[in-house]
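This report concerns only the one structure given below.
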Amino acid sequence: MLQSIYAATTRNAENPLAVMQRFELKYVLNKAQAEALRRAMEGRMVPDQFGRTTIASLYYDTPDHRLIRASMEKPDFKEKLRLRSYGPASEGSPVFLELKRKSQSTVYKRRVQTTVGAAAAFLRGDPEALDDNQISRELSFFRDSYQALVPSCMILYDRTAYVELDGELRLTIDENPRYRTWDLDLTRPAVGTPLLGQDCSILELKVQGAVPLWLSRAMSRAGIYKTSFSKYGEAYRRELAGRSMPKVS
């Protein structure tokens with residue numbers, strides 16, 4: 001059975017291996033909706049110990065973008081591979097190589113802590129780039145299954161994560177989501193092309209069960225409704241679709 005671990009713990013360099021299973025629900029917010037949500041959260045949720053963090057995720061794909069094309073067809077099962085940093089990355093700072101799988105609304109993540117250089121060596125096929133463990137073997141199987149995986153797209157945003165004072169609810173608000181398909185290196189400045197309109201943000205709920213009633217009511221009053229939004233998918237639609245084969249077989 002997969003062990004449930006909340007995302008906040010996986011940012012800790014003392015926890016280099018992590019397995020997560022949870023439901024993720026996404027919403028696109030305008031400025032007024034974000035402000036209404038924060039008011040509703042007062043006294044119930046607080047920012048986690050990391051505060052506001054710039055997150056950069058480098059997505060790997062085949063040269064014809066097979067992974068993201070398959071994902072955008074909305075199958076029951078889909079998977080992605082990314083290298084993620086929390087804050088500015090350097091050659092030796094900890095980053096996380098993550099295999100993200102989604103079945104219906106349930107998200108499963110397998111990730112290992114590594115470095116930018118070691119991750120690049122791993123993707124080139126170096127058998128000693130990662131420590132030998134169950135998750136690295138799963139990553140190796142994924143890499144070998146798709147073979148020529150290359151850096152495809154960088155997704156960046158400024159995230160504030162909130163935790164419930166008396167519960168297990170966790171949510172994040174991602175501001176200034178942006179992307180780039182050039183300079184695909186986590187050690188480079190966190191700049192990119194905006195993914196959404198001005199003052200829009202992305203809300204993600206990370207839950208193990210039902211959404212609390214107080215939050216459900218607050219979101220309904222503010223007109224916040226679940227949507228299907230993929231940051232990488234939107235970047236692909238804007239930037240990369242014309243360079244790819246038209247359909248996944």
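The values are calculated or read from the model by the stated rules, or taken from the named source; none is laboratory data. All values reported here derive from a predicted model rather than from experimental measurement. No Cβ is skipped: glycine too gets one built from the backbone with ideal geometry, and neighbour counts run over all protein chains shown.
If you go through the stretch 166-179 and keep only what is modelled with pLDDT under 95 and either assigned to a helix (DSSP H, G or I) or basic (Lys, Arg) (or both), you end up with just Arg170. Please go through the stretch 216-249 and pick out each residue that is among the basic types (Lys, Arg), at pLDDT below 85 and outside any loop (DSSP other than H, G, I, E, B). Within the stretch 216-249, Arg243 is the sole residue that qualifies.
Here is a yes/no grid of residues against (1) closer than 17 Å to Glu79 by Cβ; (2) surrounded by fewer than 19 Cβ atoms within 10 Å (Cβ to Cβ); (3) charged (D, E, K, R); (4) free of Cβ contacts under 8 Å to residues at least 40 places away in the same chain:
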position	(1), (2), (3), (4)
Asn133	no, yes, no, no
Tyr146	yes, yes, no, no
Met154	no, no, no, no
Asp158	no, yes, yes, no
Ala161	no, no, no, no
Leu165	no, yes, no, no
Asp183	no, yes, yes, yes
Val191	no, yes, no, yes
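Candidates in the stretch 195-215 are the residues that are assigned to a loop (DSSP other than H, G, I, E, B) and either within 18 Å of the chain's Cα centre (by Cα) or under 17 Å from Thr172 (Cβ atoms) (or both); of these, the one that is modelled with the lowest pLDDT is Gln208.
Considering (1) modelled with pLDDT of 95 or more; (2) surrounded by fewer than 20 Cβ atoms within 10 Å (Cβ to Cβ); (3) in contact with a helix residue (DSSP H, G or I) (Cβ under 6 Å, 6 or more places away or on another chain), the lone condition that Thr115 does not fulfil carries the number (3).
Taking every residue in the stretch 103-122 that is on the phi > 0 side of the Ramachandran plot and pairing it with any residue that is of a type outside the set (Phe, Trp, Tyr) and loosely packed, with under 15 Cβ neighbours inside 10 Å, at least 6 positions away or on another chain, the pairs with Cβ-Cβ distances below 8 Å are Gln104/Asp76. With respect to the conditions (1) small (Gly, Ala, Ser); (2) modelled with pLDDT of 85 or more; (3) more than 28 Å from Cys200 (Cα to Cα), Ala36 lacks only one, and its number is (3). The number of residues in the stretch 32-61 being surrounded by 14 or more Cβ atoms within 10 Å (Cβ to Cβ) and of a type in the set (Asp, Glu) comes to 2.
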